[in-house]
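Asks: Pasting a structure below so you can have a look.
The values are calculated or read from the model by the stated rules, or taken from the named source; none is laboratory data. Values in this document were obtained by computation on a predicted structure and should not be read as measured data. Virtual Cβ from ideal backbone geometry, glycine too; neighbours counted across all protein chains shown. Quick note on the areas: whole protein, heavy atoms, side chains included, nothing else; ligands and nucleic acids left out. Shrake-Rupley method; radii C 1.70, N 1.55, O 1.52, S 1.80 Å.
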Amino acid sequence: MDPWLVWLIVALVLGAVEIVTLTAALGLLGGAALVTAVFAAVGLPLPWQFLVFAVVSAVGVVFVRPVALRRLSTPPGGEGRFGVDALVGEAAYVTSEVSKLGGRVRIGGEEWTARAYDETLVIPPGATVDVIEIKGTTALVYPRE
């Protein structure tokens with residue numbers, strides 16, 4: 001069997017296993033095997049084929065995999081957050097004075113009870129704050145600077 005065909009089969013098997021596991025590593029190794037198959041088809045000797053496979057695999061795993069994993073784990077723009085989790089990080093408008101004891105803020109058109117995240121702060125009405133955390137039905141807020 002020709003070496004390019006062996007590399008092609010290895011690439012297909014690794015690609016199929018990547019689809020099942022979603023590790024972002026086996027697919028890169030499959031891509032390296034595919035590149036090596038092209039070099040083998042051109043007539044590159046077997047030791048050089050292994051070198052090509054090793055270099056392309058290393059580059060893929062070291063440089064491409066971290067980018068792919070970051071991209072898969074954090075959706076752009078926080079699109080994966082729902083409910084009260086989506087409110088964390090949003091801006092809010094203070095409607096009645098917020099302190100460690102309580103207060104009211106408007107977050108995206110809804111009125112929420114609020115407390116100051118830093119218990120030493122008293123935030124006046126009209127101030128813009130960031131929602132740091134949601135505990136039950138109370139927003140913990142911190143003033144914007």
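Asks: At 1.4 Å probe size, with the rest of the protein present, what percent of the exposed accessible area of the chain is carbon and sulfur atoms?
Replies: 67 percent
Asks: Would you pull out the residues with amide H under 5 Å of GLY103's amide H, same chain only if 5 or more places away, H placed 1.01 Å from N?
Replies: ALA114
Asks: Tell me, what is the percent relative contact order of the range 37-145, built from C-alpha pairs under 8 Å that lie six or more residues apart?
Replies: 19 percent
Asks: Compute the Rg to Rh ratio over the chain from the alpha carbon atoms, using the Kirkwood formula for Rh, and round to two decimal places.
Replies: 1.41
Asks: Karplus couplings for the range 93-104 from phi (6.51 cos²θ - 1.76 cosθ + 1.60, θ = phi - 60°), rounded to Hz, Gly and Pro as x?
Replies: 10, 6, 9, 9, 2, 10, 9, 5, 8, x, x, 9
Asks: Students often check this: by mean Cβ neighbours within 10 Å, which of 112-119, 42-49, 57-64 ranks highest, and how do the rest follow?
Replies: 112-119, 57-64, 42-49
Asks: Let me ask you something else. Using a 1.4 angstrom probe, figure out how much accessible area the chain has per residue, in square angstrom, rounded to the nearest whole.
Replies: 63 Å²
Asks: On a 0 to 90° scale, report how tilted helix 46-59 is relative to the longest principal axis of the chain, with both axes built from alpha carbons and the result rounded to the nearest 10.
Replies: 0 degrees
Asks: Tell me the mean residue ellipticity at 222 nm calculated for the chain from its helices only (DSSP H runs of n ≥ 4, each -39500 (n - 2.57), averaged over every residue, nearest 500).
Replies: The helix-only estimate for the chain comes to -13500 deg cm²/dmol at 222 nm.
Asks: Moving to a separate point now. Could you tell me the center-to-center distance, by alpha carbons, between the range 5-67 and the range 95-145 in angstrom?
Replies: 53 Å
Asks: Ok, one more. Mind listing the phi-derived Karplus ³J(HN,Hα) values for the range 6-16, rounded to whole Hz, using 6.51, -1.76 and 1.60 with θ = phi - 60°, and x for any glycine or proline?
Replies: For the range 6-16, the Karplus-derived couplings read 5, 4, 5, 5, 4, 4, 5, 5, 5, x, 5 Hz, x marking Gly and Pro.
Asks: Testing the spin-label approximation: label points 7 Å from Cα along Cα→Cβ at TYR93 and ALA68. State their distance in nm.
Replies: For the pair TYR93/ALA68, the computed spacing is 4.7 nm.
Asks: Work out how much length VAL59 to ALA86 would gain on full extension: take 0.36 nm times their residue separation and subtract the Cα-Cα distance, in nm to one decimal.
Replies: Taking 0.36 nm per residue and subtracting the Cα distance, the gain is 6.1 nm.
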